[in-house]
Amino acid sequence: MPAVKTLKEDPLPLAAFALSLALQQAPTAPPGRIAPGIQDPKELYEKAKCVTCHGEDGRGETDKGRKLKVPDFTSAKWSEETSDKEILQTIRNGTKDKKGNVRMPGYRTKLTPGQIKALAAYVRGFARK
């Protein structure tokens, strides 16, 4: 019968597993500053890494989106309950959970005010599709 290693003998597999779980739960870090000349909302949505959690279609049906329980931008309920001002504030400031952990990073220092407005309009547009 082969010898079984205990965690005391080889803690690396448990540490690797714990790290993989932590990384799956962590929000996607925002990119570096996005070139101010980029104004195409779809390109901004991709370069700002929104796709990682919210998906290309805005439904949030990605692995990270499901784990973080991001809103479905195509939902009539979400569209009715969420003001344009709230969308802008969320993009600027990000969001945190009840414990203060970052769910979505803010983009205030990564995007220009014009880019934030264009991105907010793009997000709002998912509900009209």
I'd like to know if segment 101-111 contains one or more residues that are modelled with pLDDT of 95 or more, loosely packed, with under 15 Cβ neighbours inside 10 Å and closer than 26 Å to R33 by Cβ.
no
Within the set of pairs 6+ apart or on separate chains, which have a first residue in segment 87-100 that is under 22 Å from Y122 (Cα atoms), a second that is assigned to a helix (DSSP H, G or I) and of a type in the set (G, A, S), and C-beta atoms under 8 Å apart?
I87/A120; L88/A120; I91/A120
Going by the conditions given, is R128 surrounded by fewer than 16 Cβ atoms within 10 Å (Cβ to Cβ), within 20 Å of R33 (Cβ to Cβ) and among the charged types (D, E, K, R)?
no
Could you tell me how many of the residues in segment 100-113 are part of a loop (DSSP other than H, G, I, E, B) and of a type in the set (V, I, T)?
2
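The values are calculated or read from the model by the stated rules, or taken from the named source; none is laboratory data. Here the structure is a predicted model, which is why all the values come from computation and not from measurement. Quick reminder, even Gly has a Cβ in these numbers, built from the backbone with ideal geometry, and neighbours come from all protein chains shown.
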